[in-house]
Amino acid sequence: MSSPIHSDFLTVVRERQSIRKFDASYQLSEHDIKELLELAGTAPSSWNLQHWKFVVINAAEAKKKLHPIAYGQQQIIDASVTVAVLGDLQANQNAEAVYGPVIQAGLEDAYAGYPSHHILLAQIEEAYAVSETSRYRRDEAIRNASLAAMQLMLAAKAKELDSGPMVGFDADAFAEAFHVPPRYIPVLLVAIGKASKPAHPTARFPVDQTTVWNGF
């Protein structure tokens, strides 16, 4: 059965916390996981290229394989699912799938503000016409995949679930163990399930401390 959706956005944002202790008896269905990932996939991305790939870790053997890669963090075992969010270094290759239907439908106002799809696609290819290890490709992969990861955590909270982002893992070992193609880079892990203990209290800087108006 799908988890209920919490419609109060401000409550979702304020109540979302990073959870480390999960109820190992709670299990999400494949349908529920797909629903969360669908919501995560509505995140914005540069040129709508959707620079993310999700690796779902919910089987016992897969969790056991990931556990040492994540330096023995227990949430890998206890959370219902851990989603590895990968960034796409070759997201330009998504352009045809994204814009092909738009072009065929003749929706010229859907070219992200460009006067024609030729100009749009040419600019995408120009931006990616550098080596596959370039800083631009890597920055775009991490930046856009992180947007999807944040959306995933908010979606989980909206459905009255708990989550915790994890960057404490060996990305190279993950790529090797889970046969990640070189096109993708591991960005972070997101454990999702039901908390068995509340998050540790945390403080946030006041907005006046984190904000500069109109430049330094």
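Quick notes on this structure:
- Any hit, region 1-23, residues being hydrophobic (A, V, I, L, M, F, W, C), within 15 Å of the chain's Cα centre (by Cα), closer than 13 Å to A191 by Cα and part of a strand (DSSP E or B): no
- Pairing residues of region 1-30 that are farther than 10 Å from K157 by Cα with residues that are at pLDDT 95 or above and of a type in the set (F, W, Y), at Cβ distances under 9 Å and at least 6 apart in sequence or on separate chains, gives no pairs at all.
- Listing of helices (runs of 4 or more DSSP H) fully contained in region 102-216 that carry 1 or more residues being loosely packed, with under 10 Cβ neighbours inside 10 Å and without any contact (Cβ under 8 Å) to a residue 12 or more places away in the chain: 135-158, 207-210
- Failed item in (1) of a type outside the set (S, T, N, Q); (2) in a helix (DSSP H, G or I); (3) modelled with pLDDT under 80, with V98 passing the rest: (3)
- Some residue of region 28-47 being more than 24 Å from F174 (Cβ to Cβ), more than 15 Å from the chain's Cα centre (by Cα) and exposed (fewer than 15 other Cβ atoms within 10 Å of the Cβ): yes
The values are calculated or read from the model by the stated rules, or taken from the named source; none is laboratory data. Values in this document were obtained by computation on a predicted structure and should not be read as measured data. Cβ sites come from the backbone with ideal geometry, for glycine too, and all protein chains shown count toward neighbours.
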